[in-house]
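Quick notes on the structure that follows.
The values are calculated or read from the model by the stated rules, or taken from the named source; none is laboratory data. For clarity, every value in this text was computed on a predicted model and none was experimentally measured. We place every Cβ from the backbone using ideal geometry, glycine too, and count neighbours over all the protein chains shown.
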Amino acid sequence: MTTDTLGIVEARNKLGVLVSRAVHAHKPTTITRSDEEHAVLISAEEYEELLQLRHERELRTVTAAITAHQRGEGEMVSYDSRDALFADLGLADGERP
């Protein structure tokens, strides 16, 4: 899927149109502030779908690790803290359950 790319000033000036386009036409827009800072405007519905897909992927990963451990594959890892566990799973602070 291709998206339009706009600078932040242009996106700000067209925000109402961009939101309508994201919600009704399901057309995302990439918004740039600098060479390193990019964001994508999508509908709330699509955002929820992405969160659900991420959750399902994480569940498959954890389930596969448990199954492998039960078969005697891999080793048991102990964590000193919840932060260490989440870091090892690749979960950021905002993604924690």
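Structure summary
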| quantity | calculated |
| --- | --- |
| Wholly enclosed strands (runs of 3 or more DSSP E) of the range 1-70 bearing at least 1 residues under 29 Å from residue 88 (Cβ atoms) and either in contact (Cβ under 8 Å) with a residue 24 or more places away in the chain or not acidic (Asp, Glu) (or both) | 38-41 |
| Residue within the range 53-72 that is among the small types (Gly, Ala, Ser) and modelled with pLDDT of 95 or more present | no |
| Flag for residue 78 being free of Cβ contacts under 8 Å to residues at least 24 places away in the same chain and assigned to a loop (DSSP other than H, G, I, E, B) | yes |
